[in-house]
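S.K.: First, the structure itself, so that you have it in front of you.
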Amino acid sequence: MARILVTNDDGIHSRGIYVLADAVSDFGETWVVAPEKPKSATGLGMTLHKPLRVKKIHGKERTFAISGTPSDIIHIATNVIVGKVDMVVSGVNVGDNTSIQVILSSGTIGAAAQAALLGIPAVAFSMAVNDDDKIEEQKNMLKPIIRSVVHYVLTNGMPPGVDIISVNFPERIGKNTEVKVARAAKTRWRELVDERIDPMGEKYYWIYGKPTEIEVGTDVHVVFEEGNIAITPLTLNLNIPVPNTEDSKIGQYFSGLCEDMVSTIRKIYK
């Protein structure tokens with residue numbers, strides 16, 4: 001039997017996490033560990049300058065709330081609450097996690113990424129809705145689909161070079177909904193800043209976004225234009241191959257940069 005850790009960034013009271021937990025409960029020992037309050041857009045952020053508190057949720061078996069981020073949860077769960085886990089599933093997030101822009105800030109993806117850094121297979125589930133009532137409304141559709149994904153990963157493991165599998169559901173799933181593997185778009189939003197004045201005459205700001213043009217063939221296009229489910233394989237390897245020779249433009253670029261830096265160091269010590 002598998003030991004599965006279920007987490008999210010919407011908090012322990014989000015309906016999405018219990019839809020997810022119920023979906024995977026047949027596969028073995030399921031533990032629910034989530035932030036005590038919403039921690040959206042925390043990415044891989046961790047709590048390093050104050051203590052973390054763990055609270056057992058009354059009336060729910062193997063369910064805990066933590067006063068930290070989704071990334072904190074992976075470490076507290078695997079070191080204190082649960083121990084070794086076979087798989088981490090994160091979600092079901094209220095709102096999509098499409099595009100690299102959103103992926104890098106997502107707490108839902110952040111929990112999966114933190115698990116992947118520890119070598120734990122991780123799948124993140126998100127849905128393009130604006131409240132968890134809509135997740136609850138479609139739970140009977142979502143649960144068997146989630147179960148099929150988790151069963152497949154538990155049976156086959158993660159494919160070579162893939163650290164996280166991100167699954168994004170459209171707002172509505174129907175009998176003709178398709179599933180497509182799609183790369184992440186670069187952006188989803190154009191960030192804007194709105195300046196306002198408070199009653200004391202002091203300035204304050206809201207950061208918000210407007211949708212960018214949708215790239216065909218990306219996760220954003222699959223979910224929002226086609227109304228289909230997007231599966232996006234992700235890797236944590238942010239490195240690019242840098243040749244050791246100057247036979248390429250990138251090799252020439254970094255060779256020149258290194259030379260300039262060394263030259264600067266030598267001048268400092270003259």
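S.K.: Taking the stretch 39-71, which residues are polar (S, T, N, Q) and not in a loop (DSSP other than H, G, I, E, B)?
M.R.: Result: 63, 71.
S.K.: Counting only residues that are part of a helix (DSSP H, G or I), touching a residue at least 24 places away in the same chain (Cβ under 8 Å) and either farther than 30 Å from residue 142 by Cβ or of a type in the set (A, V, I, L, M) (or both), how many does the stretch 221-270 have? Please lay out each step first, then the result.
M.R.: Taking the stretch 221-270 and keeping what is part of a helix (DSSP H, G or I), we get 221-225, 249-268.
Now restrict to residues that are touching a residue at least 24 places away in the same chain (Cβ under 8 Å): 221-224.
Subsequent filtering for residues that are either farther than 30 Å from residue 142 by Cβ or of a type in the set (A, V, I, L, M) (or both) retains 222-223.
Total meeting the criteria: 2.
S.K.: Right, here's the next one. Quick check on residue 262: is it touching a Phe, Trp or Tyr at 6+ places or on another chain (Cβ under 9 Å), farther than 30 Å from residue 153 by Cα and of a type in the set (A, V, I, L, M)?
M.R.: So residue 262 fails the test.
S.K.: Among the listed residues 89, 94, which satisfies the condition of being within 21 Å of residue 236 (Cα to Cα) and outside any loop (DSSP other than H, G, I, E, B)?
M.R.: The unique qualifying residue is 89.
S.K.: Just give me the residues in the stretch 170-202 being over 26 Å from residue 238 (Cα atoms) and either assigned by TED's automatic domain parsing to the domain that holds residue 89 or basic (Lys, Arg) (or both), in sequence order. Steps first, answer last, please.
M.R.: So in the stretch 170-202, the residues over 26 Å from residue 238 (Cα atoms) come out as 170-179, 192-202.
Within the stretch 170-202, 170, 171, 172, 173, 174, 175, 176, 177, 178, 179, 196 meet the criteria.
S.K.: Looking at the stretch 218-270 only, could you name the residues that are hydroxyl-bearing (Ser, Thr, Tyr) and farther than 30 Å from residue 180 by Cβ?
M.R.: Here is the first cut: in the stretch 218-270, the residues hydroxyl-bearing (Ser, Thr, Tyr) are 218, 232, 235, 245, 248, 253, 255, 263-264, 269.
Within the stretch 218-270, 245, 248, 253, 255, 263, 264, 269 meet the criteria.
The values are calculated or read from the model by the stated rules, or taken from the named source; none is laboratory data. The shown structure was predicted, so the numbers you read here are calculated from the model rather than taken from an experiment. Cβ coordinates were reconstructed from backbone atoms using ideal geometry, including for glycine residues, and neighbour counts include every protein chain displayed.
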